[in-house]
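Right, I'll just put the structure down here and ask away after.
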Amino acid sequence: MSLIDAARRVRETAYAPYSGFKVGAALRAPSGRIYAGCNVENVAYPEGTCAEAGAIAAMVAGGETEITEICVIADSPHPTPPCGGCRQKLAEFAREGTPVLLATLDGETLATTVGELLPGRFAAGHMDRA
Ligand code: THU
């Protein structure tokens, strides 16, 4: 299955009763396996957990810690960019050039990279004097 099809499929399972905005994310890891996640909201924190975070959690639970590519899909007029927190979460497990494909249900896509989404990222090296 393609990454975009996996993201489209998992989006259907999103739990988004507060925003009504379902998001699906699917990433590939070095093993070739695809890990998928959807957004999950709750009444106390209606923004909930993003789809990207769900896919990352599935990857880590699966024993892998590297994203080789990721796709995020939503039913938006234009491709939805990952939120700020998710950009840092993606950066933790990806390289600057790691491809990120943002897609709408209509078929509009925007190809970018983790480095473009989060230039000047905070990295472990900044704490070398700690
Ligand atoms: N959301 C994601 O899951 N990923 C994004 O990249 C943007 C936003 C979710 C969080 C929340 O459940 C809903 O979309 C509205 O913010």
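Any chance you could give the angle, 0 to 90 degrees and rounded to 10, that helix 51-61 forms with the longest Cα principal axis of the chain?
60 degrees
Compute the whole-percent fraction of alpha carbon pairs in region 67-130 spaced more than 14 Å apart.
For region 67-130, the share of Cα pairs beyond 14 Å comes to 57 percent.
With runs of 4+ DSSP H residues as the only contributors, calculate the mean residue ellipticity of the chain at 222 nm using -39,500 (n - 2.57) per run, divided by the residue total and rounded to the nearest 500.
Dividing the helical sum by the residues of the chain leaves -7000 deg cm²/dmol.
Give me the 1.4 Å probe accessible area per residue for region 64-130, excluding ligands and nucleic acids, in Å².
58 Å²
What are the trypsin sites (Lys or Arg not before Pro) within region 56-99 that DSSP puts in a loop, where the Cβ has at most 14 other Cβ atoms within 10 Å?
Those that pass, being in a loop and sparsely packed, are ARG95.
In nanometres, what is the gap between the two model label sites at SER2 and LEU105, each 7 Å from Cα along Cα-to-Cβ?
Calculated label separation equals 1.8 nm.
Could you order the peptides 11-23, 33-45 from most to least packed, using the average number of other C-beta atoms within 10 Å per residue?
Values: 11-23: 15.6, 33-45: 17.2.
Descending mean neighbour count gives 33-45, 11-23.
State the percentage of accessible surface on the chain attributable to carbon and sulfur atoms; use a 1.4 Å probe and exclude ligands, DNA and RNA.
Looking at the chain in its full context, I get 55 percent from C and S.
The values are calculated or read from the model by the stated rules, or taken from the named source; none is laboratory data. Keep in mind the model is a prediction, meaning the values are calculated, not measured. Cβ coordinates were reconstructed from backbone atoms using ideal geometry, including for glycine residues, and neighbour counts include every protein chain displayed. Side chains are part of the model used for accessible areas, which takes the heavy atoms of the whole protein and leaves out ligands, DNA and RNA. Shrake-Rupley method; radii C 1.70, N 1.55, O 1.52, S 1.80 Å.
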